[in-house]
Structure formats: structure tokens, C-alpha cells
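As C-alpha cells, the structure follows; a few thoughts come after it.
Bear in mind these aren't lab numbers, they're just calculated from the coordinates by the rules spelled out. For clarity, every value in this text was computed on a predicted model and none was experimentally measured. A quick note on method: Cβ atoms are made from the backbone with ideal geometry, for glycine too, and the neighbour counts reach across all protein chains shown.
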Amino acid sequence: EIEDTRVTLDQADQLVNVAFSKEVAKYFEKLVQEEQERYGETKISNTKDEAAYREIAECAVEVMYKFSHTRPTNQASEGTYVVDREVGSEKMGFWSENISQTSVGKSEVNGDSTLLAQLIAQRMFNQYIDSEREAGRAGDYVNGGHYMNIIQSGHSDMVLAVFIVEDGENPDSYRIATTVSTGFVSIVK
């Protein structure tokens, strides 16, 4: 059932700690901007659209249970999927979507959430950027798409969400799903 049903905003709010996602985003942004600077790419920044962090959280939860860019089509009978934004506020557009799964050993972080945030950001960077640099710089979207989406997009804004669960198969680890979207902001009319 979990694999076939979209996650609502309310469910995502309960399952994803947005403040922690933003902590990871702070470290990830620094790594991404250093890479962009190294190659003369347009710098991307974490979005100021607070609602975007809640919206992307839905996807991070779904990715944990169904690793796919295709969102589940069945919607829960109750619940909303989009945040209402005030007229005149900035709304980030989700132009690219990047998903990953990883794990972190509990002994690596010893209950330190700052260290956990740094490790997750580094693992995301390793998966999305380091491992795809050569292909991305060569214009090979099949093998370098995440790199191209994040580093070479020319987009202004980036948002990410991190969903963490205890690993049922390995109780000494956390299972982690991440989603990163990039895009431009527009003003809500």
C-alpha cells in the first residue's frame, strides 16, 4: 500500500524534519558551490521558498519505499499535496529532480545530529556529483544527469529533503532517502 499511495503534506510534515533537511542543505550547498566555482558554473543557492522544503519532503518519503522518479498516482482520500502560497511571495519551480538512497552507521555519528547532517551531505555529493563528474562534464546525461542537473543547470534555486528511518535489516544503521530539486523562482500572482 505504501508503494502505491502518494504522501500528503501532512504525512510529510510528520515524517520529515524540515529543520534537519535544511541543516543538510547548508552543507550540501557549500560543496555544490565549491564545485561550481571550480568549473566556472552559475552558482545555485538553497531556496528561500519555505514551502518548497515541505513539498519536496513528500517525494523523499516516497523514494524510501519506491525508488522511482514516477510519483505514485493513487492519492489518499484526505490530505493536500501542495502548499498554498501568499500572492507576491516567491515560489520555486521544480525543474529537475534527483533522488538517492544511502545509509549511515549509527556508530559513525554517535547521536550527533550535526555530524549526521555533514555525513549525509557528503554522501549526497559523492553520489550526485563526484561519481558523475566525468560523464556530466562530457555532456553524457545518461551517466552524468545528476551532475548536469545540479552543477550545470544554471538554475538559481535548490531545495532538498532527507528522510531517515531505522534500518530494519541492519539495526546498526540509518536508511536515508534524499531528493534534490533545482529550478528558478517566480512570484505568486
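Peptides 33-39, 99-105: what's the order by average Cβ count within 10 Å, highest mean first?
Values: 33-39: 13.9, 99-105: 16.7.
Packing order, densest peptide first, comes out as 99-105, 33-39.
To the nearest 20 debye, what is the magnitude of the charge dipole of the chain about its Cα centre, counting +1 on the Cβ of each Lys and Arg and -1 on the Cβ of each Asp and Glu?
Values: 18 positive and 32 negative charges, 102 e Å.
Its charge dipole is roughly 500 debye.
Check W95: other-chain or 5+ apart residues with amide H under 5 Å from its amide H, H built from backbone geometry?
Placed amide hydrogens put T182, G183, F184 under 5 Å from W95.
Within the range 27-63, what residues put their amide N at less than 13 Å from the label point 7 Å along the Cα-to-Cβ vector of R85?
Taking a point 7 Å out along Cα→Cβ of R85, the residues of the range 27-63 whose backbone N falls under 13 Å are 47-56.
Select one label from (i) 125; (ii) 92; (iii) 164: the one whose number is volume of the Cα convex hull per residue in Å³ as derived from the coordinates shown.
(i)
Counting Lys +1, Arg +1, Asp -1, Glu -1, what net charge surrounds H155 among other residues with beta carbon under 15 Å of its beta carbon?
Values: positive: K43, K48, K91; negative: E29, E35, E41, D49, E90, E97, D157.
Residues near H155 contribute -4 overall.
Given R₀ = 25 Å, FRET efficiency for D10-K66 by Cβ-Cβ distance, to 0.05? All intermediate terms of the calculation are to be shown ahead of the outcome.
Details: r = 19 Å, r/R0 = 0.78.
Taking R0 as 25 Å, the efficiency between D10 and K66 is 0.80.
When Lys and Arg each count +1 and Asp and Glu each count -1, what net charge do the other residues less than 12 Å away from Y53, Cβ to Cβ, add up to? Could you put the intermediate results ahead of the total?
On the way: positive: K22, K48, R54; negative: D13, E23, D49, E50, E55, E58, D157.
The answer is -4.
Taking a temperature of 25 °C and a viscosity of 0.890 mPa s, what whole-number D in µm²/s does Stokes-Einstein yield for the range 119-164 with Rh from Kirkwood over alpha carbon pairs? Provide the component values of the computation, followed by the final result.
Working: Rh = 11.1 Å.
My calculation gives 222 µm²/s for D.
Sequence gap of 8 or more, or different chains, plus Cα separation below 30 Å: how many lysine pairs satisfy both in the chain?
Within the chain, the lysine pair count is 26.
For the residue pair Q122 and T42, what label-to-label distance in nm results when each label sits 7 Å from Cα along the Cα-to-beta-carbon direction?
3.2
How many nm separate the modelled label positions at F184 and D172, each set 7 Å beyond the Cα in the direction of the Cβ?
For F184 paired with D172, the spin-label model returns 5.0 nm.
Can you give the extra length, in nm with one decimal, that the chain gains between W95 and D130 once fully stretched, where that is 0.36 nm per residue apart less the Cα-Cα distance? Mind dumping the intermediate values first?
On the way: separation 35, 0.36 × 35 = 12.60 nm, distance 2.17 nm.
Here the answer is 10.4 nm.
Taking θ = phi - 60°, what integer Hz values does the Karplus form 6.51 cos²θ - 1.76 cosθ + 1.60 yield along the range 163-173, in sequence order, with x for Gly and Pro?
Each residue's phi maps through the Karplus curve to give 10, 10, 9, 5, 7, x, 7, 9, x, 8, 10 Hz.
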